[in-house]
Amino acid sequence: MSTQPLVLVADDEPRITKLVSMALTDEGFRVVTAAGGEEAVIKAEEVRPDIVLLDIVMPDLDGIEVMRQIREHRSVPVILLTAKGSASDKAKGLDLGADDYVAKPFHLDELAARVRAVLRRSSGVAMGNGSVRFDDVEIDLERRTVTRSGELVELSRTEWLLLQHLAANAGKVVLHTELLTKVWGPEYRDDLQYLRVWVSRVRRKLGARPGEPGRIRTFQGIGYLLDVEPGGPDGHRDGNAPAPLIVDRDAQPS
């Protein structure tokens, strides 16, 4: 049996599926294609791909609905293929658990790199043991769960990996490049805006009020710190005064 990752590509434009299929095959992937959303749902059940690439705009079922239906039966990484102007669709897709998105028109090399990066982090091994607690939140690094007030917090795979890395380094400032490289891969090490979007999502999941950092503190031009000190940013310590700056030296770029 082949050990090459199997990619399902769904797009209603035949030239796109053909081009992507050829490019990914050249990169060492096995590829199955679907000409629409309904066919993608059927093929995902039949072939059980390692990752799915979905065009958001398809005439029968859009990519977001296809992702929802596939995820009802099986957890599988999903990359959404989007038009550049569909910012609201991107946000909705990420909120519903997409692992990444790529805007059309895209470079085939970049698409292959993102597929590899998502596959890497989807198969990553949990780092660290024990749990991290603050306020009403508990992050269990061994069980890979997060609870608030005893209720399970639902996180996408990417949200968990980002929070996991911050929690495993609680009290330390983790560099932007370290987070981007560890969570998404070296291809993303300079994509700070991408990181900001995901940090904002994790903050909301941890209960931060809109426009406030909550427990994930920003160190401009450096990185982020998960603050687990009693009282936290809203306690007796001045929220604008910096905590002791403890940089993870292993995270320094070479």
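The values are calculated or read from the model by the stated rules, or taken from the named source; none is laboratory data. Since the structure is predicted, the reported quantities are computational estimates derived from the model, not experimental observations. Every residue, glycine among them, receives a Cβ derived from its backbone with ideal geometry; neighbour counts consider all protein chains shown.
Per-structure values
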quantity: In the stretch 142-162, residue nearest to G207 (Cα to Cα) [restricted to those that are in a strand (DSSP E or B) and of a type in the set (D, E, K, R)]; calculated: R148
quantity: Condition check for T177: surrounded by fewer than 21 Cβ atoms within 10 Å (Cβ to Cβ), part of a helix (DSSP H, G or I) and β-branched (V, I, T); calculated: yes
quantity: Lone qualifier among V183, V228 - being assigned to a helix (DSSP H, G or I) and aliphatic (A, V, I, L, M); calculated: V183
quantity: Inter-residue pairs, beta-carbon under 7 Å, first closer than 9 Å to D99 by Cβ and at pLDDT below 90 and in the stretch 64-82, second buried (at least 22 other Cβ atoms within 10 Å of the Cβ) and among the polar types (S, T, N, Q), 6+ apart; calculated: none
quantity: Test: residue in the stretch 36-52 that is within 16 Å of L81 (Cβ to Cβ), part of a strand (DSSP E or B) and touching a strand residue (DSSP E or B) at 6+ places or on another chain (Cβ under 6 Å); calculated: yes
quantity: When residues of the stretch 136-154 are limited to those that are of a type in the set (A, V, I, L, M, F, W, C) and at pLDDT 90 or above, the one nearest to G223 (Cα to Cα); calculated: I139
